[in-house]
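As structure tokens, the structure follows; a few thoughts come after it.
What follows is calculated from the coordinates using simple rules that are stated; it is not laboratory data. Note that the coordinates shown come from a computational prediction; the quantities given were computed from them, not determined experimentally. FYI the Cβ positions are ideal-geometry reconstructions off the backbone, even for glycines, and counts take in every protein chain you see.
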Amino acid sequence: MPQDNTQNQKDTYFVAVKVFLMNEKGELLIIKDVYDDGWDIPGGRLRNMDFDIALEDVVKRKIEEEIGKNVDYKLGEPIVFFRHERDEVLPSGEKSRKRIFAVGYEAKYLGGEIELVESFKEYKWVDPATFVPEDYFVGGWLKGVKEYLEKIKINKK
């Protein structure tokens, strides 16, 4: 009987940078995606051109692309690392399962107008003390947000 080696195969992931952006009230910014109507946090996958670019510079580009060039923030350190899996629709109309490894950075919102690009339709500032992440996120994004909320709760003590 042939041996199943699929469990030992190396996996392929996209890499994303995500930003846990908190305002002066201690609220977290979340944004709603147009395509799947799901909630997200700012940031996204690295592109081919990002290979030799510092991740902090990729974060800057992603922030500008998603929530506007006028947003002023102070980027902190990576605070959580998480994985997400989702179906994406290919140009052919077929669905393709993608895995994403995300590096989640802390950031402090300093001001500026949030201007969502066309791929996002809504944003909210949510209070981590009363926010129920399960009402907004699924899969690995949910796990990452919950881990972030646990870490900031520990840091606040």
If each part is reduced to its alpha-carbon centroid, the range 11-90 and the range 95-127 end up apart, in Å, by 5
Among beta bridges assigned by DSSP with both residues in the range 13-156, the antiparallel ones amount in percent, to the nearest 5, to 75
Output ordering of 50-56, 29-35 (per-residue mean of other Cβ within 10 Å, highest first) is 29-35, 50-56
Flagged as over-length at 22 Å C-alpha distance, from LYS60/LYS146; LYS25/LYS146; LYS32/LYS98; LYS98/LYS153; LYS10/LYS60; LYS25/LYS153, the pairs are LYS60/LYS146; LYS98/LYS153; LYS10/LYS60
Residue-ordered couplings for the range 136-141, obtained by feeding phi - 60° into the Karplus form 6.51 cos²θ - 1.76 cosθ + 1.60 and rounding to whole Hz (Gly and Pro as x), are 10, 10, 9, x, x, 4
Checking rank on 127-138, 90-101, 12-23, 60-71, with mean other Cβ inside 10 Å and highest first, the result is 12-23, 60-71, 127-138, 90-101
Rounded to the nearest 0.05, FRET efficiency between ASP87 and LYS10 (Cβ-Cβ, R0 25 Å) equals 0.70
For the range 73-140, whose charge dipole is built from +1 on Lys and Arg Cβ atoms and -1 on Asp and Glu Cβ atoms, the candidate among PRO133, LEU116, VAL80 with its Cα farthest towards the positive end is VAL80
Between the Cα axis of helix 55-67 and the main Cα principal axis of the chain, the angle (0 to 90°, nearest 10) is 70
Helix-only [θ] at 222 nm, the chain, -39500 (n - 2.57) per DSSP H run of 4+, per residue, nearest 500, equals -6500 deg cm²/dmol
Classified through the alpha carbon gyration tensor (a ≥ b ≥ c as square roots of its eigenvalues; rounded if a/c is under 1.5, else prolate when a/b is larger than b/c, else oblate), the range 13-156 comes out rounded
To the nearest 20 debye, the range 13-156 has a Cα-centred charge dipole, built from +1 on Lys and Arg Cβ and -1 on Asp and Glu Cβ, of 440
